[in-house]
1. Across region 40-58, what is the number of residues that are under 17 Å from Val13 (Cβ atoms) and within 13 Å of ligand 2 (Cβ to nearest atom)?
2. Could you figure out which of (1) within 13 Å of ligand 2 (Cβ to nearest atom); (2) touching a Lys or Arg at 6+ places or on another chain (Cβ under 7 Å); (3) not hydroxyl-bearing (Ser, Thr, Tyr) isn't true of Val33?
3. Within region 126-145, identify whether any single residue is within 15 Å of ligand 2 (Cβ to nearest atom), farther than 24 Å from Lys23 by Cβ, at pLDDT below 95 and surrounded by 12 or more Cβ atoms within 10 Å (Cβ to Cβ), and answer yes or no.
4. Here's a check for you: in region 92-122, which residue that is part of a helix (DSSP H, G or I) and hydroxyl-bearing (Ser, Thr, Tyr) is surrounded by the most Cβ atoms within 10 Å (Cβ to Cβ)?
5. Need pairs with beta-carbon distance below 7 Å; first residue within 11 Å of ligand 2 (Cβ to nearest atom) and part of a helix (DSSP H, G or I) and within region 1-14, second of a type in the set (Gly, Ala, Ser) and modelled with pLDDT of 95 or more; sequence gap 6+ or separate chains.
6. Where residues in region 88-137 are polar (S, T, N, Q) and free of Cβ contacts under 8 Å to residues at least 60 places away in the same chain, which of them is nearest to Glu37 (Cα to Cα)?
7. Starting from region 150-165, take each residue that is assigned to a helix (DSSP H, G or I) and list its partners that are among the acidic types (Asp, Glu) and at pLDDT 90 or above, counting only C-beta distances under 6 angstrom and pairs at least six apart or across chains.
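The values are calculated or read from the model by the stated rules, or taken from the named source; none is laboratory data. Note that the structure is a prediction, hence the values are computed from the model and not measured. Cβ placement follows ideal geometry from the backbone for every residue including glycine, while neighbour counts extend to all protein chains displayed.
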Amino acid sequence: MNTATKNLENDHVHILKLIDVMKSIVRSGNPDVEHIEKIIVLIREYADGLHHAKEEEYFFPALKEKGFPSDRGPVAMMLHEHSQGRNFVKGIADNVELFKQGKESALEDIFRNMSGYSELLTNHIAKENNVLFRMADNALTDSEQKNLLDMFGKAERDGNQLNGFIAQINDLAKHYNV
Ligand SMILES: [Fe+2]
Ligand SMILES: [Fe+2]
């Protein structure tokens, strides 16, 4: 059976691939600003704009109904990490602007924020996959999983846009051989 938790785990596969691209760019020490700008858009529109929106607007509220509050415990931690992630992305974006204006030292801050985001999201995804989603699988009935999946489908209404994000991530992954 396809479930809401499997749908979210599938997003994680693509997000982790994007993180591998980020790690590869940091390792190379040689930034391709165009690629970094593309990554910022992919995080803001796909990882945060779509995936985190599915979690925050539908999935976490469904867990709340099952006795997992959003102001403490694992869900609160996940929400806090989403917001930390947004701060790292802002750090990347702000410093890319400074770098483009000629401030060479901004490069270090770009890489520092990219590494911070990569580490945060890698751990975040592991916690969701291994702990939170497994708790959700135990707590949600089949029909509740299905209802959530239907709502995710509405959030993903533009299938072309979704496939476009995934294709762009795959192109970057191919380019960086990750
Ligand atoms: Fe999350
Ligand atoms: Fe997630």
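1. Of the residues in region 40-58, 9 are under 17 Å from Val13 (Cβ atoms) and within 13 Å of ligand 2 (Cβ to nearest atom).
2. Tallying (1) within 13 Å of ligand 2 (Cβ to nearest atom); (2) touching a Lys or Arg at 6+ places or on another chain (Cβ under 7 Å); (3) not hydroxyl-bearing (Ser, Thr, Tyr), Val33 fails exactly one: (1).
3. No: region 126-145 contains no residue that is within 15 Å of ligand 2 (Cβ to nearest atom), farther than 24 Å from Lys23 by Cβ, at pLDDT below 95 and surrounded by 12 or more Cβ atoms within 10 Å (Cβ to Cβ).
4. First, the residues of region 92-122 that are part of a helix (DSSP H, G or I): 92-100, 106-122.
With the extra rule that they be hydroxyl-bearing (Ser, Thr, Tyr), the set shrinks to 115, 117-118, 122.
On the way: Ser115: 15, Tyr117: 24, Ser118: 20, Thr122: 16.
My answer is Tyr117.
5. Thr5/Ala136
6. Our first condition is that a residue be polar (S, T, N, Q); within region 88-137, this holds for 95, 101, 105, 113, 115, 118, 122-123, 129-130.
Filter again for free of Cβ contacts under 8 Å to residues at least 60 places away in the same chain, leaving 95, 101, 105, 113, 123, 130.
Numbers: Asn95: 11, Gln101: 15, Ser105: 18, Asn113: 14, Asn123: 24, Asn130: 31 Å.
Checking each candidate, the answer is Asn95.
7. Pairs found: Leu162/Glu156.
For every residue, the table says whether it meets (1) at pLDDT below 95; (2) within 16 Å of ligand 1 (Cβ to nearest atom); (3) assigned to a helix (DSSP H, G or I); (4) under 15 Å from Glu128 (Cα atoms).
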| position | (1), (2), (3), (4) |
| --- | --- |
| Pro31 | yes, no, no, no |
| Ile36 | no, no, yes, no |
| Ile39 | no, no, yes, no |
| Ile43 | no, yes, yes, no |
| His51 | no, yes, yes, yes |
| Glu55 | no, yes, yes, yes |
| Phe60 | no, yes, yes, yes |
| Met78 | no, yes, yes, yes |
| Lys90 | no, no, yes, no |
